[in-house]
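Nothing in this text is a laboratory measurement; each read-out follows from the coordinates by a stated rule. Since we're looking at a predicted model, the values are computed, not measured. Cβ placement follows ideal geometry from the backbone for every residue including glycine, while neighbour counts extend to all protein chains displayed.
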Amino acid sequence: MGAQELRFDGQTVVVTGAGGGLGKAYSLFFASRGANVVVNDLGGSFKGEGSGSKAADAVVEEIKSKGGKAVANYDDVSNGEAIIDTAIKAFGRVDVLLNNAGILRDVSFKNMKDQDWDLIFKVHVKGAYKCARAAWPHMRQQKYGRIINTASVAGLFGSFGQCNYSAAKLAQVGFSETLAKEGMKYNILVNCIAPIAASRMTETVMPPEVLSALKPDRIVPLVAVLVHSSNTTETGSIFEVGAGHQAKIRWERSKGLLLKADSSLTPGSVIAGWDKVNDFSEAEYPQGPANFLELLEESQKISKNST
Ligand code: NAD
């Protein structure tokens, strides 16, 4: 990937949840770099209540006033077909999909209601799925596509009072990893970001002096690099990005405890080898599951488990 100014002329970028925060920053940037932008936003509250056209319209107006090309779409992300349809009708193609729309329904697990759980999954998980599903045939056919799904550190590490959000955000990782595998053959690259930025979503949980240093614009460059045509290899990856910091997150697997896979494998033998389960001194960074057939063969050579 070169360090030249990245351009997106002639490409169509669909940004969900583009009426504010990160989505607005993406939309303004990609339009300024020549892309046709679909500015989707349902226009509700950060808790997912209400709807309106104002948020998306204001971003489209701003893009147009600067000479850019954009159209608004006000559909719920769970209606992905309508959003992609807007792109096809207005611009004839879709090259980049930024699955960004999101809401919060924070509540302790004890007080979690099905409605809080379901709405979070509808917006984050079903929304990302429906938009990607609708864009997929177009991307496959043109043998080009770039998708970003938006995870969160809440999903990667857990976050008090956000079990619904955490679960839905980690879902973006598995979703991205699988789409990356299925999309590779068609030059569709799919990555996942866990951003930290000041927005209405975080203004209640971060102090003002911190928020002012965390502009959503600071998330845009990494995303632009990932979705640009000069990225031909980076796919299925997770990036943590914010406050000027861009880092990749990967899995780590301990060498582990290998026991004979027969009835001598008891809770006691696992306890006896617990240190080995947790020992990362000979760890690896796996791209896939452990080779169970190889491990089984090795395990059969063990004479018997000690406890
Ligand atoms: P934001 O509230 O400013 O933006 C989210 C946008 O999504 C809003 O404009 C909202 O109207 C829109 N939206 C909500 N539900 C929608 C739906 N059903 N259909 C269409 N649009 C809908 O918040 P943000 O901080 O810019 O968040 C953007 C994304 O980044 C979200 O997915 C969020 O979970 C994720 N995220 C943000 C942070 C952060 O620090 N800001 C951290 C981790 C993850």
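Which lysines have a Cα less than 16 Å from the Cα of Lys260, not counting those fewer than 8 places away in the same chain?
Within reach: Lys276, Lys301, Lys304.
Structure shown: which of Lys66/Lys248; Lys24/Lys110; Lys181/Lys248; Lys122/Lys143 lie over 26 Å apart, alpha-carbon to alpha-carbon?
Violating the 26 Å Cα-Cα cut-off are Lys66/Lys248; Lys24/Lys110; Lys122/Lys143.
Treat each spin label as a single point 7 Å out from the Cα along the C-beta direction, and report the Arg140 to Thr178 distance in nm.
The modelled label-to-label distance comes out at 1.5 nm.
Please state the charge dipole magnitude for the chain, taken about the Cα centre, from unit charges on C-beta atoms (+1 on K and R, -1 on D and E), reported in debye and rounded to the nearest 20.
460 debye
What FRET efficiency would be calculated for the residue pair Glu49, Phe280, taking the C-beta separation as r and a Förster radius of 35 Å, to the nearest 0.05?
Efficiency computed from Cβ-Cβ geometry: 0.20.
Can you give the FRET efficiency to the nearest 0.05 for Ser212 and Asn187, using r as the Cβ-Cβ distance and R₀ = 25 Å?
Rounded to the nearest 0.05, the efficiency is 0.05.
Give the distance, in whole Å, between the Cα centre of segment 247-283 and the Cα centre of segment 209-237.
Distance between centres, Cα-based: 36 Å.
With a Förster radius of 51 Å, plug the Cβ-Cβ distance of Leu295 and Ser65 into 1/(1 + (r/R0)^6) and report the FRET value to the nearest 0.05.
Values: r = 61 Å, r/R0 = 1.20.
E between Leu295 and Ser65, to the nearest 0.05, is 0.25.
Report the chymotrypsin sites (Phe, Trp or Tyr not before Pro) located in segment 1-79 that are in a DSSP loop and have at most 15 other Cβ atoms inside 10 Å of their Cβ, or state none.
Sparse-neighbourhood loop chymotrypsin sites (Phe, Trp or Tyr not before Pro): none present.
Place a point 7 Å from Cα of Arg253 in the direction of its Cβ. Which residues in segment 282-304 have their backbone N less than 18 Å from it?
282-300
Taking 0.36 nm per residue of separation and subtracting the Cα-Cα distance, what length does fully extending Lys113 through Thr266 add?
In short, 51.2 nm is gained.
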